[in-house]
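Peer 1: One structure is given below, represented as structure tokens, and several questions about it will come after.
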Amino acid sequence: MNTNEVAKQCIELIGEKLKNLKKLNIIVIGKSGVGKSTLINSLFRGNFAETGLGRPVTNEIRKIEKKDYPMVIYDTPGFELSKGQQNKVKDEIISLIRKGAMSNDVNKAINCIWYCINVGGNRTFDETETAWIRELTESNKDTPVPVIVVLTQACPKSKALEMKALVEKENLDIVKVVPVLAQDMDFDGEYVAKSYGLDNLINIMSETLPNELQDTLQNVQKASLEAKKKYAQTAIATAVAAAFGEGFTPVPFADAALLVPTQVGMIATITVIFGLDVNKSFITSFVSSVVGSAGATILGRTIVSNIIKLIPGAGSIAGGLISGATAGIITTALGETYIKIMEMVYKGEMKAEDIYSGKKEKLISKIFKEQLKKERHNK
Ligand SMILES: Nc1nc2c(ncn2[C@@H]2O[C@H](COP(=O)(O)OP(=O)(O)O)[C@@H](O)[C@H]2O)c(=O)[nH]1
Ligand SMILES: [Mg+2]
């Protein structure tokens, strides 16, 4: 198997994994102007609220979705409405939740509700809103969905904390009250309040979501690089444990059937977590930067011997076998190197073109060598 074939498999697997991501369904509630759209666009890739197709589900609820995008948002205003209409919206939301739950389809179940309250524009705190949240959670005890109260435009922070304390005092059946300033806020050019809290909201979401939605959350979110990296590292550990968990079982190093699929699967998973567009040339260049020139047979005897020479104290290959532990070290180093590259591309520090034109070959190779040493050291 050569780098080109490996890259082809990677790209196919990435496509498959993307297609199989479970849909994340969120209901976002709050008066118009509180900052719902701004919040959504700041949290998720692709300017979702702006470019997603909105279609009315009921008079008030609008469903926002995008082709090939594993998320649906139900955008619900409602609190400038009359009391009668507020009740109607509540019933519509409950009916939406029940329909989702009854469908027995993970792609349709409502996973989370954000109730947004604006800090900046509120002189005092509006108790009809917390009363409504209480009614919602109390009349929906049979199909509960976690509710997060998001304090939007949470600036100044002191005022946001005051409001947070007020909402918490209500003892509502909610997960948390989270202050967020989705975008920097400029006060006449004299003072700029820096955005904050988006990463916290992502982490709280992650805690409330089931395992099967963690990949999706990381794929769509763009607010916490740390969360992506942490989750990608878990994916490496899982891949290594699944393939080389025994640690002592020697792996025939020329046995691509055991080594390569593990590594292809891991690279594909990490790509999905970062939510970046990569093509075949990107993967080809990455792989050849790590294992040697393009077109070479991956994990052939020479390449593996060369890699093993880079691992201090790993010894030589005896009888065509490497230990499971060594295979684990190589795989982990490969995954960590890929995460570092993804991070640089994500931050815009490295262009994808620079990778496939080969400009970054030396850098990638250097990172890989450092990771091999580090992994060896950790063992
Ligand atoms: N600077 C800043 N402006 C915000 C923020 N959130 C909302 N806004 C502004 O408030 C207005 C209403 O926001 P929008 O997201 O459209 O509210 P929606 O009606 O709830 O969707 C817009 O002019 C936004 O630019 C924020 O976090 N920072
Ligand atoms: Mg809006």
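The values are calculated or read from the model by the stated rules, or taken from the named source; none is laboratory data. Treat the numbers as computed from the prediction; the structure is a model and nothing was measured. Side chains are part of the model used for accessible areas, which takes the heavy atoms of the whole protein and leaves out ligands, DNA and RNA. Shrake-Rupley method; radii C 1.70, N 1.55, O 1.52, S 1.80 Å.
Peer 1: Ignoring ligands, DNA and RNA, please state the percent of accessible area on the stretch 46-183 from carbon and sulfur, probe 1.4 Å. Let's see the in-between values first.
Peer 2: On the way: 3460 of 6860 Å².
Taking all protein chains in place, the stretch 46-183 shows 50 percent carbon and sulfur surface.
Peer 1: How big is the antiparallel share of DSSP beta bridges in the chain, given as a percent to the nearest 5?
Peer 2: Details: 16 of 36 bridges.
Here the antiparallel bridges make up roughly 45 percent for the chain.
Peer 1: Mind listing the phi-derived Karplus ³J(HN,Hα) values for the stretch 201-212, rounded to whole Hz, using 6.51, -1.76 and 1.60 with θ = phi - 60°, and x for any glycine or proline?
Peer 2: Listing the rounded values in order: 4, 4, 5, 5, 4, 4, 5, 8, 7, x, 3, 5 Hz.
Peer 1: Further, regarding this structure: Does the stretch 21-220 classify as rounded, prolate or oblate by the C-alpha gyration tensor (a ≥ b ≥ c root eigenvalues; a/c under 1.5 gives rounded; else a/b over b/c gives prolate, otherwise oblate)? List each step's numbers first, then the result.
Peer 2: Details: a/c = 1.56, a/b = 1.20, b/c = 1.29.
Oblate is the answer for the stretch 21-220, as a/c is 1.5 or above yet b/c matches or exceeds a/b.
Peer 1: List every residue whose amide H lies under 5 Å from the amide H of Val150, counting only residues 5 or more places away in sequence or on a different chain, with H placed 1.01 Å from N in the peptide plane.
Peer 2: Tyr115, Cys116, Ile117, Val178
Peer 1: For the stretch 18-31, what does the Karplus curve 6.51 cos²θ - 1.76 cosθ + 1.60, with θ = phi - 60°, yield as ³J(HN,Hα) per residue in whole Hz, taken in order and with x for Gly and Pro?
Peer 2: 5, 5, 8, 4, 6, 7, 9, 10, 10, 9, 10, 10, x, 3
Peer 1: Under the rule of at least 5 residues apart or a separate chain, name every residue whose amide H is placed under 5 Å from the amide H of Val251.
Peer 2: Ile322, Ser323, Gly324
Peer 1: Given a 1.4 angstrom probe, I'd like the percentage of the accessible area of the stretch 337-379 that is carbon and sulfur, rounded to a whole number. Walk me through the numbers on the way to the answer.
Peer 2: Values: 1240 of 2620 Å².
Roughly 47 percent of what the probe reaches on the stretch 337-379 is carbon or sulfur.
Peer 1: Further question on the same structure: Rolling a 1.4 Å sphere over the protein heavy atoms, what is the accessible area per residue of the chain, to the nearest Å²? Intermediate results must be reported in sequence, preceding the final value.
Peer 2: Working: 17930 Å² over 379 residues.
Per residue, the chain has 47 Å² of solvent-accessible surface.
Peer 1: Now for a different question. Scan around Tyr74 for amide H atoms under 5 Å from its own, H built in the peptide plane at 1.01 Å from N, and keep only partners 5 or more places away or cross-chain.
Peer 2: Ile26, Ile27, Val28, Ile64
Peer 1: Kindly identify the stretch 21-118 as rounded, prolate or oblate by the Cα gyration tensor criterion: order the square roots of the eigenvalues as a ≥ b ≥ c, call it rounded if a/c is under 1.5, otherwise compare a/b with b/c, prolate if a/b is larger, else oblate.
Peer 2: Working: a/c = 1.98, a/b = 1.14, b/c = 1.74.
Oblate, because a/c is 1.5 or more while a/b does not exceed b/c.
Peer 1: Output the Cα-based Rg and Dmax of the chain in Å, rounding Rg to one decimal and Dmax to a whole number.
Peer 2: Over the chain's Cα set, Rg and Dmax evaluate to 24.5, 80 Å.
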